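Dropping a structure here in structure tokens format, bear with me for questions.
The values are calculated or read from the model by the stated rules, or taken from the named source; none is laboratory data. This is a predicted model, so every value here is computed, not measured. Here the Cβ positions follow ideal geometry from the backbone for every residue, glycine too, while neighbour counts run over all protein chains shown.
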Amino acid sequence: MSSIFQPRMYLEDLKDLPLAYFKERGYTDIILDLDNTIGAYDQKEIDDRYYDILATFIKEGFNITLVSNNTERRIAGFLKDLPIKHISLAIKPFSFGYKRAVERFDIDKDKTISIGDQILTDILGSNMMGIYSILVKPYCKRDSLSTRINRHIESFLIKKGVVKLK
Ligand SMILES: [Mg+2]
């Protein structure tokens, strides 16, 4: 049995998300993390490359919901005009944020994939909710202080083979 920290899939780049694979299997929704998944933690607005990646997901028929530990103000300003719903102050890895998203936006969690850059928040939280979890390589090497601490634990989990990136 794989560990509660194990992502179901690992992506080097968000643009490599196999949309056709998930569509064929009936997935309709994507839950996304913000900081270091679609931009740097100190970046004000989404950049053009990531804007296009998310616009493609939407064009392909996926609903995107952002679930972030960050504030409402930070998230709303970041997304520009992308039609993306969001939950702020999610307190991941606890499942409150995901539960709020699922209930408020009437999301079927069995048809949802959840993508984020952190094992200890995004992957653990999604796995505990029974949502298909995908770990993505961080957007950049800069992290907030709390994330920097988590990164040490993540590298330990990977080194010890508790989490396998494949
Ligand atoms: Mg993150």
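Give all pairs with beta carbons closer than 8 Å in which a residue from region 140-166 that is touching a residue at least 12 places away in the same chain (Cβ under 8 Å) and under 15 Å from Gly116 (Cβ atoms) meets a residue that is among the basic types (Lys, Arg) and part of a helix (DSSP H, G or I); count only pairs at least 6 apart in sequence or on separate chains.
What qualifies is Asp143/Arg151.
How many residues are surrounded by 20 or more Cβ atoms within 10 Å (Cβ to Cβ) and closer than 20 Å to Leu54 by Cα when one looks only at region 108-122?
Adding up the residues that qualify gives 8.
A follow-up question, please. Quick one: how many residues across region 16-46 are in contact (Cβ under 8 Å) with a residue 40 or more places away in the chain and exposed (fewer than 14 other Cβ atoms within 10 Å of the Cβ)?
Here the count works out to 2.
For region 54-80, enumerate the residues that are part of a helix (DSSP H, G or I), modelled with pLDDT of 95 or more and away from the ligand (no atom under 16 Å from the Cβ).
Across region 54-80, the qualifying residues are Ala55, Thr56, Phe57, Ile58, Lys59.
Something else: Looking at (1) closer than 20 Å to Val163 by Cβ; (2) within 12 Å of the ligand (Cβ to nearest atom), which one does Ala40 not meet, given that it meets all the others?
So Ala40 meets the others, but not (1).
Could you give every pair whose Cβ atoms fall below 7 Å, whose first residue belongs to region 118-130 and is touching a residue at least 60 places away in the same chain (Cβ under 8 Å), and whose second residue is buried (at least 19 other Cβ atoms within 10 Å of the Cβ) and of a type in the set (A, V, I, L, M, F, W, C), counting only separations of at least 6 or pairs across chains?
From region 118-130, the pairs are Ile119/Phe5; Ile119/Leu135; Ile119/Val163; Ile123/Phe5; Ile123/Leu135; Leu124/Phe5.
Further, regarding this structure: Tell me the residue from Leu157, Leu120 that is part of a helix (DSSP H, G or I), in contact with a Phe, Trp or Tyr (Cβ under 6 Å, 6 or more places away or on another chain) and farther than 26 Å from Leu19 by Cβ, please.
Exactly one of Leu157, Leu120 is part of a helix (DSSP H, G or I), in contact with a Phe, Trp or Tyr (Cβ under 6 Å, 6 or more places away or on another chain) and farther than 26 Å from Leu19 by Cβ, namely Leu157.
So, in region 91-116, of the ones that are within 12 Å of the chain's Cα centre (by Cα) and hydrophobic (A, V, I, L, M, F, W, C), which residue ends up nearest to Leu145 (Cα to Cα)?
This residue is Ile115.
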